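Visitor: Quick one: the structure is below, questions incoming.
The values are calculated or read from the model by the stated rules, or taken from the named source; none is laboratory data. Note that the structure is predicted; figures quoted are calculated from it, not measured. Positions of Cβ are generated from backbone atoms using ideal geometry, with glycine treated the same way; all protein chains shown enter the neighbour counts.
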Amino acid sequence: MTREIIVVRGNNTLTGDVQIAGAKNSALKLMAAAILAQGECVVRNVPDISDIEVMSEVLEELGAVVTRDNFVGRDEHTLTIDTAGVDSFETPYELVSKMRASISVLGPLIGRFGEARVAMPGGCQIGARKIDMHLKGLEALGVEFEVEHGYLHATTPRGLNGAHVVLGFPSVGATENTLMAAVAAKGETIIENAACEPEIVDLANMLVEMGARVEDAGTSVIRVQGIGRDEFHPCDHTTCGDRIEAGTFLVGGALTGGPLTVHGIDPSYLRMAIVKLREMGCTVQEGDDYITVSREGELRPVEIQTLPHPGFPTDLQAQFMLLAACADGTSIITENVFENRFMFAAELARMGANIVIEEHHSLVRGGRPLQGAPVSSTDLRAGAALVLAGIVAEGETHVYKIGHIDRGYEDYVGKLRSLGADVSREGPYLNHRGTVRVETDA
Ligand code: EPZ
């Protein structure tokens, strides 16, 4: 991809209404789960982002046919995944290295074929992203692994049998992979210390719609009664709203005063983020499927510990660090989930923020106005936060490496412009479909 940047002109506000897309971190796993059933699954409310394109390529590599209903008048957020032709259980390195979440096909491939060959995912900017807990969970079900030339080769010589799995940490990915194999294992599986994120519940709901027997997803103890491989059937499932996209826009409203309303999101997904917005002096109103944020007075400092759900989400850490940098006082933000997720601080410091990092703790001294500057996205959440920083900063900000943002935010620039931001994508670049777009939205 050639140079791609977002140009942001500052001293602006974000007000109005924005529709939240389906959750990236659910849709990717729902697509993987479709492998378990022969036939056509329909997955709705799928965001139009590059990670979904990569997962579509992974499924097509396995023999599936993935089509996005982007016919005129049809909802282009609907995917049809025909898995009748899935005849391979091998995913190539170049796809897995593009997107770690490809590892999510491991569980369903084992569930369907009893075997899988998946390239070992690499780390990324925010951490080593190990998969030891994925492997331990699957080994408890009778899976045996060998690592051959960077590939994980999974086999089930003694079949797939239910077990009492205890995860060392409530890992989202490990819970999902273990769950997507357990539903096809013989007998009962209990997954203890399971992740409780809303995306786990969404996945479990789709598995049940496909015939699986799963109880208590969303709690730390998930119960599964396995069914036979030929008992799974395709389903038509709608992806839940993206709580991190919603939280990102709510921070934008909190930053500039709003009022800003996000639609298409269950407020219960963002309980802790809402608590922190209120602690920082914002007014937050909740409806069945919308949340409105506004602020009159100064932003107040805050203390945040990122934790597995229902704790404060690590994926909103950068956005709240920005909020804290604009607050009247000193905040403390501790990152407990990933080992290296403070790179955003260095970029924000280039805009004038005063942040001290001490291992997993950051001390954010707010109160100084931010200045526009050239900055780089280090991961998709940091990238989204840098654009928000540019909206409140003095002068112009150029955000580089916005391919990160395209991975997880559908039409981020378009949505921000609809809320009043003066932002544009500039420069010739390949979008995530590989077509060259020279766009100056100005
Ligand atoms: C998912 O990643 C999300 N990604 C992440 O969102 C999110 O930050 C994370 O869950 C936590 O909520 C997707 O769903 C595609 P974990 P995942 O397994 O599953 C360690 C975003 O911005 N760990 O809960 O990889 C791991 O290194 C992304 O959308 C092991 O050590 O997260 C991390 O430190 C970023 N061994 C911690 O646990 C394992 O086997 C949490 O990881 C698995 C994980």
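Visitor: Inspect region 61-70 for any residue being outside any loop (DSSP other than H, G, I, E, B), closer than 30 Å to T397 by Cβ and hydrophobic (A, V, I, L, M, F, W, C) and give the result as yes or no.
Guide: First, pick out the residues of region 61-70 that are outside any loop (DSSP other than H, G, I, E, B): 61, 65-68.
Then drop every residue that is not closer than 30 Å to T397 by Cβ, which leaves none.
No, region 61-70 contains no residue that is outside any loop (DSSP other than H, G, I, E, B), closer than 30 Å to T397 by Cβ and hydrophobic (A, V, I, L, M, F, W, C).
Visitor: Within region 328-342, take every residue that is under 20 Å from the mean Cα position of the chain (by Cα) and outside any strand (DSSP E or B) and give me the one that is farthest from the ligand (Cβ to nearest atom).
Guide: F342
Visitor: Out of the residues in region 176-222 that are hydroxyl-bearing (S, T, Y) and out of contact with any strand residue (DSSP E or B) (no Cβ under 6 Å at 6 or more places or on another chain), which is surrounded by the most Cβ atoms within 10 Å (Cβ to Cβ)?
Guide: The selected residue is S220.
Visitor: Here is a follow-up. Could you go through region 285-300 and let me know if any residue there is over 29 Å from I49 (Cβ atoms), within 15 Å of the ligand (Cβ to nearest atom) and not polar (S, T, N, Q).
Guide: No, region 285-300 contains no residue that is over 29 Å from I49 (Cβ atoms), within 15 Å of the ligand (Cβ to nearest atom) and not polar (S, T, N, Q).
Visitor: Right, next: Keeping to region 322-335, report how many residues are in contact with a Phe, Trp or Tyr (Cβ under 9 Å, 6 or more places away or on another chain) and more than 14 Å from R368 (Cα to Cα).
Guide: 2
Okay, residues lined up against (1) polar (S, T, N, Q); (2) surrounded by 15 or more Cβ atoms within 10 Å (Cβ to Cβ); (3) under 27 Å from G142 (Cα atoms):
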{"position": "A64", "(1), (2), (3)": "no, yes, yes"}
{"position": "T78", "(1), (2), (3)": "yes, yes, no"}
{"position": "D82", "(1), (2), (3)": "no, yes, no"}
{"position": "V86", "(1), (2), (3)": "no, yes, yes"}
{"position": "P92", "(1), (2), (3)": "no, yes, yes"}
{"position": "V105", "(1), (2), (3)": "no, yes, yes"}
{"position": "G114", "(1), (2), (3)": "no, yes, yes"}
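Visitor: Next question, about the same structure. Checking the structure you have, find out if any residue of region 341-348 is closer than 16 Å to M321 by Cβ, touching a Pro at 6+ places or on another chain (Cβ under 7 Å) and touching a residue at least 60 places away in the same chain (Cβ under 8 Å).
Guide: For region 341-348, residues closer than 16 Å to M321 by Cβ, touching a Pro at 6+ places or on another chain (Cβ under 7 Å) and touching a residue at least 60 places away in the same chain (Cβ under 8 Å): absent.
Visitor: Select from region 186-200 the residues that are hydrophobic (A, V, I, L, M, F, W, C), without any contact (Cβ under 8 Å) to a residue 60 or more places away in the chain and touching a Ser or Thr at 6+ places or on another chain (Cβ under 9 Å) and list them in ascending order.
Guide: Within region 186-200, I191, A194, I200 qualify.
Visitor: Continuing with the same structure: Taking E347 as the residue in question, decide whether it is surrounded by fewer than 21 Cβ atoms within 10 Å (Cβ to Cβ) and at pLDDT 95 or above.
Guide: So E347 does not fit the description; no.
Visitor: Further question: Quick one: in region 126-154, which of the residues that are in contact with a Phe, Trp or Tyr (Cβ under 8 Å, 6 or more places away or on another chain) and in a strand (DSSP E or B) is nearest to the ligand (Cβ to nearest atom)?
Guide: Checking each candidate, the answer is G127.
Visitor: What is the residue count in region 301-319 for residues that are among the acidic types (D, E) and more than 14 Å from the ligand (Cβ to nearest atom)? First the steps, then the outcome.
Guide: First pass over region 301-319, keeping only residues among the acidic types (D, E): 303, 315.
Next, from what is left, pick out any that are more than 14 Å from the ligand (Cβ to nearest atom): 303.
Looking only at that region, the number is 1.
Visitor: Suppose we filter region 245-257 for residues that are surrounded by fewer than 24 Cβ atoms within 10 Å (Cβ to Cβ) and over 17 Å from P369 (Cα atoms); how many remain?
Guide: Residues meeting the conditions: 0.
Visitor: All but one of (1) more than 14 Å from the ligand (Cβ to nearest atom); (2) modelled with pLDDT of 95 or more; (3) farther than 14 Å from L203 by Cα hold for R3; which doesn't?
Guide: R3 satisfies all of (1) more than 14 Å from the ligand (Cβ to nearest atom); (2) modelled with pLDDT of 95 or more; (3) farther than 14 Å from L203 by Cα except (2).
Visitor: Another one. Restrict the check to region 74-91 and report whether at least one residue is under 18 Å from the mean Cα position of the chain (by Cα), farther than 28 Å from V183 by Cβ and either within 16 Å of the ligand (Cβ to nearest atom) or in contact (Cβ under 8 Å) with a residue 40 or more places away in the chain (or both).
Guide: For region 74-91, residues under 18 Å from the mean Cα position of the chain (by Cα), farther than 28 Å from V183 by Cβ and either within 16 Å of the ligand (Cβ to nearest atom) or in contact (Cβ under 8 Å) with a residue 40 or more places away in the chain (or both): absent.
Visitor: A further question follows. Being touching a strand residue (DSSP E or B) at 6+ places or on another chain (Cβ under 9 Å), more than 16 Å from the ligand (Cβ to nearest atom) and closer than 15 Å to T80 by Cα is the filter here; which residues of region 6-37 pass it?
Guide: A34, I35 - these are the residues of region 6-37 that are touching a strand residue (DSSP E or B) at 6+ places or on another chain (Cβ under 9 Å), more than 16 Å from the ligand (Cβ to nearest atom) and closer than 15 Å to T80 by Cα.
Visitor: Additional query: Here are some residues: L299, L307, L370. Which one is closer than 30 Å to A217 by Cβ and modelled with pLDDT of 95 or more?
Guide: Sole residue among the options that is closer than 30 Å to A217 by Cβ and modelled with pLDDT of 95 or more: L307.
Visitor: Going by what's in this entry, would L109 be described as crowded, with 16+ Cβ neighbours inside 10 Å and within 22 Å of T239 (Cβ to Cβ)?
Guide: The answer is yes for L109.
Visitor: Can you tell me which residue within region 408-426, out of those that are outside any helix (DSSP H, G or I) and of a type outside the set (A, V, I, L, M, F, W, C), is nearest to the ligand (Cβ to nearest atom)?
Guide: In this case the residue turns out to be Y409.
Visitor: Being more than 25 Å from G383 (Cβ to Cβ), in contact (Cβ under 8 Å) with a residue 40 or more places away in the chain and in contact with a helix residue (DSSP H, G or I) (Cβ under 6 Å, 6 or more places away or on another chain) narrows it down to one residue among L106, L62, L95; which is it?
Guide: After ruling out the rest, the residue left standing is L106.
Visitor: Looking at L152 and the list (1) modelled with pLDDT under 95; (2) in contact with a Gly (Cβ under 6 Å, 6 or more places away or on another chain); (3) hydrophobic (A, V, I, L, M, F, W, C), which single condition is not satisfied?
Guide: For L152, the exception is condition (2).
Visitor: Something else about it: Just name the residue that is nearest to the ligand (Cβ to nearest atom) out of those in region 99-125 that are in a helix (DSSP H, G or I) and under 24 Å from A318 (Cα atoms).
Guide: As a first pass, look at region 99-125 and keep what is in a helix (DSSP H, G or I): 100-113.
So of that shortlist, the ones also under 24 Å from A318 (Cα atoms) come out as 100-101.
Working: R100: 7, A101: 4 Å.
Checking each candidate, the answer is A101.
Visitor: In addition: Take the conditions under 20 Å from V275 (Cβ atoms), of a type in the set (A, V, I, L, M) and within 16 Å of the ligand (Cβ to nearest atom) and apply them to L322. Does it pass? If you could, list the steps in order and put the result at the bottom.
Guide: Values: under 20 Å from V275 (Cβ atoms): yes; of a type in the set (A, V, I, L, M): yes; within 16 Å of the ligand (Cβ to nearest atom): yes.
Yes: the conditions hold for L322.
Visitor: Only one residue in V43, V58 is within 14 Å of the ligand (Cβ to nearest atom) and touching a strand residue (DSSP E or B) at 6+ places or on another chain (Cβ under 7 Å), so which one is that?
Guide: From the options V43, V58, the qualifying one is V58.
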